[in-house]
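Q: Below you'll find the structure I mean.
The values are calculated or read from the model by the stated rules, or taken from the named source; none is laboratory data. Keep in mind that what you see is a predicted model, and the values were worked out from it rather than measured. Glycine also receives a Cβ, built like all others from the backbone with ideal geometry; neighbour counts cover every protein chain displayed.
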Amino acid sequence: MQSVRQVQRLNDLELQKVVPPNASWHTDYRDTAYIYIGGLPFELSEGDVLTIFSQYGNPVHINLVRDKETGKSKGFAFLKYEDQRSCDLAVDNLSGAGVMGRVISVDHTRYKKKEGEMETVGDETEDGDETDREGAARSKRRRTESESEEERPMIKEEVELAKLKNSMDDDDPMKAYMIQEKQAEIEDALKAVSLRKPKYTGYVSAAGMASQHDKPGNWANYVPHDLKYAADFEDALAKVALDADATQEGIRVLPDGSDEQAVDGASVRAKDVNMQSLPNISEDDLPLPLEDSRRIFVSPVPGVKLTHPAGYLEGGPGLDPEMDTFQEDFLARHPDVTTPADLKNAVGKEVDEAVEQLKERLRKRRAAKERNEQIEKELKALRDQHEMELKIHNRMREESERKKEAREKRRRDREGG
């Protein structure tokens, strides 16, 4: 989502560059007819919001988020238009508008309706029995959490919630919604963990070196922020990842139980991987170029090699074990895994999905880049044409002035003769 200033900046930039509608930033949201509305006065009802936003289209669904206990508005809502193009008009015209002394923010969003939520434009009220059941469930969860809080480390979602509360401004209209969503994720994660009740025995890397991981410094450094953006790296990654002829290269790590024999320069057994021989990479070096000599291990993406065979090595990807809940999350997503074969298939499926997601993101980036390059070419052609017209105009003006001076000279000569 974009902030009010970001939306205004994007629109101003498109106006300056004369960007055609089919290349507008709005096209990234052609797949959703929902908008997010933040900063609403708490006194407004669903009907009031509909009155404001119906001037740009016909709303077919609204969810004015309210406190489940008090029923009071939390100041933000999600609204769906019958025609997706109405979203563009609402975002462009109402983001930054003043409503009852408050500045509202409006932006595109991909809203996912809750289970059982119906599309409606009227005031929504919850069934009393359902509310009681939800209240009882919340009380039960609170008791379970309080009883087990001292017995377990914080899960990933709880760490993310703590960071969210500390990092976001209290005036940010999205803060309440994002906290609510994260709390729902925590409840789901705790429920999945409680159903399985896994025994916490530490984390073992794919290389099978649990004893080594007990030593400080053998876990990957956690970086609580995004790495610097590198357009050249993205271009290089897209070039190989989207190349149908690219092949998987690099050293394969064989599981300890594999019957396959290690081949020098092509594969190695997990137990033979020496962590001390693996590179300790500085954050300043990231992202490493694809041709970097430290990339030697095979990856699921043809044409891309990794620096580490596993995620929990110093300088490698991943979080430290106190924050990681991969095992619980994975089993919660794949409750049918009961055998090693099931596990292998589930892992393979997730890897394939992750690779396809990466390729889809790179395809969209490539398409956007090509679109921007085409726009730049068209703008350059317009600028060149404009410069040529200016030159012609200047030559015509100079020629006109020269002729005028010649006429004046002839007139003076006649008068003087």
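Q: Filter the range 1-27 down to residues that are modelled with pLDDT of 75 or more, of a type in the set (D, E, K, R) and farther than 27 Å from GLY98 by Cβ, then give me how many there are.
A: 0
Q: Quick test of your reading of the structure: ILE52 fulfils all but one of (1) surrounded by 21 or more Cβ atoms within 10 Å (Cβ to Cβ); (2) part of a helix (DSSP H, G or I). Name the failing condition by number.
A: Unmet condition: (1).
Q: What is the one condition in (1) touching a residue at least 60 places away in the same chain (Cβ under 8 Å); (2) more than 30 Å from ASP28 (Cα to Cα); (3) of a type in the set (Lys, Arg) that ARG366 does not satisfy?
A: (2)
Q: Considering every residue within the range 310-328, establish whether at least one is within 19 Å of VAL355 (Cβ to Cβ), among the aliphatic types (A, V, I, L, M) and modelled with pLDDT of 75 or more.
A: no
Q: Continuing with the same structure: Step by step: first the residues of the range 25-49, then only those that are surrounded by fewer than 17 Cβ atoms within 10 Å (Cβ to Cβ) and in a helix (DSSP H, G or I), then the one that is nearest to the chain's Cα centre (by Cα). Which residue is that?
A: Ranking the candidates gives ASP28 first.
Q: Does ASN22 qualify as being more than 21 Å from the chain's Cα centre (by Cα) and assigned to a strand (DSSP E or B)?
A: no
Q: Give the residues of the range 74-114 that are at pLDDT below 90, among the hydroxyl-bearing types (Ser, Thr, Tyr) and closer than 19 Å to THR51 by Cβ, sorted by residue number.
A: Selection gives SER95, SER105.
Q: Of everything in the range 354-383, what is within 22 Å of LEU10 (Cα to Cα) and among the small types (Gly, Ala, Ser)? Give them in sequence order.
A: Of everything in the range 354-383, those that are within 22 Å of LEU10 (Cα to Cα) and among the small types (Gly, Ala, Ser) turn out to be ALA367, ALA368.
Q: Give me the pairs: first residue in the range 396-409 and surrounded by 10 or more Cβ atoms within 10 Å (Cβ to Cβ), second residue modelled with pLDDT of 95 or more, beta-carbon distance under 7 Å, and six or more apart or on different chains, which are they?
A: Between residues of the range 396-409 that are surrounded by 10 or more Cβ atoms within 10 Å (Cβ to Cβ) and residues that are modelled with pLDDT of 95 or more, there is no close pair.
Q: Take the residues in the range 56-93 that are of a type in the set (Lys, Arg) and part of a loop (DSSP other than H, G, I, E, B); name whichever of them is surrounded by the fewest Cβ atoms within 10 Å (Cβ to Cβ).
A: Applying the filter and picking the extreme gives LYS72.
Q: Can you pull out the residues in the range 41-88 that are touching a Gly at 6+ places or on another chain (Cβ under 7 Å) and closer than 23 Å to VAL7 by Cα?
A: The answer is GLY75, PHE76, TYR81, GLU82, ASP83, SER86.
Q: When VAL253 is evaluated against the numbered criteria (1) at pLDDT below 85; (2) crowded, with 18+ Cβ neighbours inside 10 Å; (3) assigned to a loop (DSSP other than H, G, I, E, B), which criterion, by number, is the only one it fails?
A: Against the list (1) at pLDDT below 85; (2) crowded, with 18+ Cβ neighbours inside 10 Å; (3) assigned to a loop (DSSP other than H, G, I, E, B), VAL253 comes up short only on (3).
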